[in-house]
1. If I go through segment 196-240 residue by residue, how many of them are assigned to a strand (DSSP E or B), among the small types (Gly, Ala, Ser) and in contact (Cβ under 8 Å) with a residue 60 or more places away in the chain?
2. Given the conditions (1) under 19 Å from the mean Cα position of the chain (by Cα); (2) assigned to a helix (DSSP H, G or I); (3) surrounded by 19 or more Cβ atoms within 10 Å (Cβ to Cβ), report the number of the one that PRO430 does not fulfil.
3. From ARG4, ARG25, which residue is open to solvent by 10 Å² or more (accessible area, probe 1.4 Å) and modelled with pLDDT of 95 or more?
4. Check THR691 against each of (1) on the phi < 0 side of the Ramachandran plot; (2) open to solvent by less than 50 Å² (accessible area, probe 1.4 Å) and name the one condition it does not meet.
5. Would you confirm whether or not segment 476-496 contains a residue that is in contact with a Phe, Trp or Tyr (Cβ under 7 Å, 6 or more places away or on another chain) and buried (at least 19 other Cβ atoms within 10 Å of the Cβ)?
6. Just wondering, is there one or more residues in segment 394-408 that are hydroxyl-bearing (Ser, Thr, Tyr), crowded, with 21+ Cβ neighbours inside 10 Å and within 28 Å of PRO16 (Cβ to Cβ)?
7. I'd like the full set of residues that are farther than 22 Å from PRO83 by Cβ, in contact (Cβ under 8 Å) with a residue 40 or more places away in the chain and assigned to a loop (DSSP other than H, G, I, E, B), limited to segment 360-403.
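The values are calculated or read from the model by the stated rules, or taken from the named source; none is laboratory data. Bear in mind that the values here come from a model prediction, so they are computed numbers and not experimental data. Cβ atoms come from the backbone with ideal geometry, glycine included; neighbour counts cover every protein chain shown. All accessible areas refer to the heavy atoms of the entire protein, side chains included, with ligands and DNA or RNA removed. Shrake-Rupley method; radii C 1.70, N 1.55, O 1.52, S 1.80 Å.
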Amino acid sequence: MSDRQNTPAGAAGRAPSADRPEQIRNVVLVGHSGAGKTTIAETLALVTGAINRAGRVQDGTTVSDYDEIEHRTQRSVQLSLVPLEHAGFKINLLDTPGYADFTGELRAGLRAADAALFVVPANEEVDGATRSLWDECAAVNMPRALLVTKLDTPQADFDATVERCRSAFAPDAPDSVLPLYLPLRWGELGPDGERHVSGLIGLLSRHSYDYASGKRIERDIDAELAAEVDPARERLIEAVITESEDESLMDRYLGGETIDTKTVIDDLERAVARGHFHPVLAALPPADGSREGVGTAELLELITSAFPSPVEHVTPLPAGEADLACDPEGPLAAQVLKVTSDPYVGRLTLCRIFSGTLRPDGQVHVGDVDERVGALSSPFGKTLRPVAQAVAGDIVCVAKLAHGATEDTLSQPGRLVGLGHWDLPEPLLPVAITAHSKADEDKLSQALGRLSAEDPTLRLEQNQETHQLVLWCLGEAHADVLLDRLRGRFGVQIDTVDYVVPFRETIAAPATARGRHVKQSGGHGQYAICEIEVEPLPTGSGFEFVDKVVGGSVPRQFIPSVEKGVRAQLARGVAAGFPVVDVRVTLIDGKAHSVDSSDAAFQTAGALALREAATGNVRLLEPVAEVHVLVPDEYVGNVLSDLSGRRGRVLGTEPVGSGGRTVVHAEVPELEIVRYAVDLRSLSHGGGSFTREYARHEPLPEAIATKVFKAAER
């Protein structure tokens, strides 16, 4: 890069604006939890003059982590927008959660962005989740750069971190991941025993940029330092020239010609924007009292010079749709990134505009209705700063838009546009809840409706077999946040209960039983007697009712009553409270009374007969899921062993793509994978994922069934 000096721009309290898409840069910060994304966003906000004093994650004072839950846990749990102004550009920084439980927020950030900045700490390995995310970005050719953080920790090693990134992200093209700068004074130990980085060395400029004084001071490097820098410089130039659109450039370079630095920089910026080259930078937050952080000027220059504008962004349209240009004068096409509710402002809808211009009081089509747009604002963390309009390429918040959920499209009435959807992970961790009181029960339904509208990765289930209300979540942290919001934001007190796997019951062997319901306590009595035969049917056969009554022992009008009573008892279960399936019930005899027999009496008699036939004659069936586990190759052995320990049957394995990952196909009882979403993450160091779907019910092993029966008795 040209390493030009940054001049802070913008003023705290004023929303940056852009009249043209070319003035906008949408950048998503990506990396695992604790990598330093929020700190980088805070540092850039300080350097560009958006804030006057940098906050700290530990103190709960950063711009992007403003939720009470984030303050308490000291980690991001939601997508946050931090708009900045630098060198005439509006930079929309999208700070995303790094924890896997909040992948839905990350996916929204990726959808809104035109480039991704992967934040990698210098003292840690590259985790599997970050590798998978890199592959996702590569699949859509999103431009990516890497930022090495935490260079001031004792275990930090910049060179080793770069090599880890090359191996993790570009094993087949390692020279597509190379540093543009090297740390200055790397390896020196301070009095506190930590390694200190006071600045950077520009490989292309062969200049050093020293921040030790609190300001960025540029100097020429000496001969000794040049001897260390030049090999890395030559490697960088060769890698950039390899990606050049000028095919003659490599021949000239190999022929010994010195390539002009400006030519290399221009080719570098084009290669980054096309997603063919991924530069590595380094950064440190400013020292106390300073407004200049190591590497911040260099990072801002990369963002404004090399990252693409929204005009170069390929708008995700469904197959068959015409191309949609990022044109402020074009038809309106904006997509809902997330929906939140504010106790003072009401419903807030964050949107990325892909085409057209969004203005207050205009009409838009969203969902299935036309609606008037409310006030527009540019979020700065939790602060909403009003804006007059938002052009194509920008990100804006719309107030009081009554309709529209995440992924919905806002378009002009009469000129409807449907933007494509992004992949959201399937929530696979069940959390069963109950309202703490009747008053809470009345509020729970509305609260869950609002919560599910805000969080598309939450799935609600009212299980008809177990009669449980289940929140399906991405993990324990996700569940904790949802429960916290129910209690805190919506004022609903709820209790969590053990999740019940939906077992089923069936009859183990043929049996005959008699149901007798005779009561006489003065006045009109109750009289019904029926005899039935019960026998098991093959799996999946369902329920059959057969009438073999002869001689009118059970009047014809009461035979449907017996069947109704039997069906009701089947739904309630006969031993552990689970539905009974795959049985045939045959009514063979009975007795009736001319006055006291009734529909209700024969329903009760049919249920009693079924319970009698099932006494000591019940087999439990457990649901079995077809599971597909995607993991890095190095964890396949661990996964196979773990699935075997869960009574799983491995059906096979197959490699996926060229990224060193394998999918394991297996059938596993659902009882064994209730917490598999959490366990797999630990087993694969965050690099694994899985899907599951119901396959069938199978007999539950006797030892486990005995425990279930005993639990039901309690």
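1. 2
2. Going through the list (1) under 19 Å from the mean Cα position of the chain (by Cα); (2) assigned to a helix (DSSP H, G or I); (3) surrounded by 19 or more Cβ atoms within 10 Å (Cβ to Cβ), PRO430 breaks only (2).
3. Details: ARG4 fails: modelled with pLDDT of 95 or more.
When all the criteria are applied, what remains is ARG25.
4. Looking at each condition in turn, THR691 falls short on (2).
5. Within segment 476-496, the first condition is being in contact with a Phe, Trp or Tyr (Cβ under 7 Å, 6 or more places away or on another chain), and the residues that meet it are 477-478.
Subsequent filtering for residues that are buried (at least 19 other Cβ atoms within 10 Å of the Cβ) retains 477-478.
Looking for residues that are in contact with a Phe, Trp or Tyr (Cβ under 7 Å, 6 or more places away or on another chain) and buried (at least 19 other Cβ atoms within 10 Å of the Cβ), one finds at least one in segment 476-496, hence yes.
6. Yes: one or more hits.
7. GLY367, ALA402
Yes or no, residue by residue, for (1) assigned to a loop (DSSP other than H, G, I, E, B); (2) polar (S, T, N, Q); (3) within 17 Å of GLN23 (Cα to Cα); (4) open to solvent by 50 Å² or more (accessible area, probe 1.4 Å):
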| position | (1), (2), (3), (4) |
| --- | --- |
| ASN52 | yes, yes, no, yes |
| VAL57 | yes, no, no, no |
| VAL63 | yes, no, no, no |
| TYR66 | yes, no, no, yes |
| ILE69 | no, no, no, no |
| VAL77 | yes, no, no, no |
| LYS90 | no, no, yes, no |
| LEU93 | no, no, yes, no |
